[in-house]
1. Given the residues Glu187, Glu171, which is the only one that is away from the ligand (no atom under 16 Å from the Cβ), in contact with a strand residue (DSSP E or B) (Cβ under 6 Å, 6 or more places away or on another chain) and open to solvent by 80 Å² or more (accessible area, probe 1.4 Å)?
2. Assess whether Asp46 counts as being surrounded by fewer than 23 Cβ atoms within 10 Å (Cβ to Cβ) and without any contact (Cβ under 8 Å) to a residue 60 or more places away in the chain.
3. Consider Lys152 carefully, then state whether it is open to solvent by 70 Å² or more (accessible area, probe 1.4 Å) and touching a Phe, Trp or Tyr at 6+ places or on another chain (Cβ under 7 Å).
4. Ile137 passes all but one of (1) more than 9 Å from the ligand (Cβ to nearest atom); (2) free of Cβ contacts under 8 Å to residues at least 60 places away in the same chain; (3) over 17 Å from the mean Cα position of the chain (by Cα); which number fails?
5. Hey, Glu9 hits all of (1) in a helix (DSSP H, G or I); (2) among the charged types (D, E, K, R); (3) in contact with a Leu (Cβ under 7 Å, 6 or more places away or on another chain) but one; which does it fall short on?
6. Please work out if Tyr75 is over 21 Å from Val176 (Cα atoms), open to solvent by 70 Å² or more (accessible area, probe 1.4 Å) and of a type in the set (Ser, Thr, Tyr).
7. Would you tally the residues in region 125-139 being assigned to a helix (DSSP H, G or I) and either open to solvent by 80 Å² or more (accessible area, probe 1.4 Å) or on the phi > 0 side of the Ramachandran plot (or both)?
8. Quick one: how many residues across region 83-112 are assigned to a loop (DSSP other than H, G, I, E, B) and under 26 Å from Gln71 (Cα atoms)?
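The values are calculated or read from the model by the stated rules, or taken from the named source; none is laboratory data. Computed from a prediction, not measured in an experiment: that's the story for all the values here. A quick note on method: Cβ atoms are made from the backbone with ideal geometry, for glycine too, and the neighbour counts reach across all protein chains shown. Ligands, DNA and RNA are excluded from the accessible area calculation, which covers all protein heavy atoms including side chains. Shrake-Rupley method; radii C 1.70, N 1.55, O 1.52, S 1.80 Å.
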Amino acid sequence: MDYETIITETRGKVGLITLNRPKALNALNSRILAELVSAVNGFCADPGIGAVVVTGSDKAFAAGADIKEMQAISYADAYSQDFFVGWEEFTRARKPIIAAVAGYALGGGCELAMMCDFIIAADTAKFGQPEITLGVIPGMGGSQRLTRFVGKSKAMDMCLTGRMMDAAEAERSGLVSRVVPAAELVEEAVKAAAKIADFSLPSVMMAKEAVNRAYETTLAEGLRFERRLFHSLFALEDQKEGMAAFAEKRKPNFTNR
Ligand code: HXC
């Protein structure tokens, strides 16, 4: 499909989405949101795709929500339209999404990265929630997701001072899963996504669902939920195939059945 603000391509079983508003450092306007959601939904509906990577440019993953677009919005409009609620659709994707972040991931850019299932960062990455410098606060999950990733003290520091975190600090504090050299970022993220895409899709989707449930419920309920999903996987041919392949010392041939 032809998009204006993103580029989509497939690399084997991986869907790759590149944010593409270079003149605005990939600032997230309503168009990019609509296109991103459409692209992710398309990849989720495509049986040939097992995982998705979202990336930006060398300079910016995304420098935030588009300040110029939202500058003049009134309270009445923001409230009536439930401004930013559209991003919830992005988080409903059931296939795994990896954020591959180089350069600035600020405000909505940091929040978009955190909406993905995990973040691989280039050594050039810089994360921040600078909304306070604009007279507002994070509006796409920054105060909630960042706090769950890095804890209260660091999240408060980031949201109240607006300072940026470099890649090393982001890895140390659990915001990103790994840091790679900038030149290898997309390749490494696609490699990780390809590895996931080679596994049985239903088990991958259930693993995602189970980990996400940890954020929504108590430990006892989460453990019960995990166990029930685990039980259900024994209904799949892929469980038989995966375990038989191990016993027979060969590679499994998963069919997503
Ligand atoms: C709209 C943006 C933008 C943004 C950059 N640009 N960020 N446009 N919205 N978030 C535009 C600039 O206006 C400029 O356009 C061009 O991109 C290049 O940016 P420069 O500032 O010239 O680049 P540089 O000097 O390298 O500085 C990079 C930067 C800076 C440090 C990332 O651009 C910056 O501070 N951006 C804003 C970061 C931010 O505050 N993000 C949070 C947004 S609020 P022109 O046309 O001048 O060349 C948010 C959530 C809001 O995300 C939720 C609450 C409701």
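1. The match here is Glu171.
2. yes
3. Working: open to solvent by 70 Å² or more (accessible area, probe 1.4 Å): yes; touching a Phe, Trp or Tyr at 6+ places or on another chain (Cβ under 7 Å): no.
No.
4. (1)
5. Exception for Glu9: condition (1).
6. In short, yes.
7. Step one: of region 125-139, the residues assigned to a helix (DSSP H, G or I) are 130-134.
Cutting the leftovers down to either open to solvent by 80 Å² or more (accessible area, probe 1.4 Å) or on the phi > 0 side of the Ramachandran plot (or both) gives us 133-134.
Residues meeting the conditions: 2.
8. Of region 83-112, the ones assigned to a loop (DSSP other than H, G, I, E, B) are 83-86, 92-96, 102-103, 107.
Remaining after also requiring under 26 Å from Gln71 (Cα atoms): 83-86, 103, 107.
Of the residues in that region, 6 qualify.
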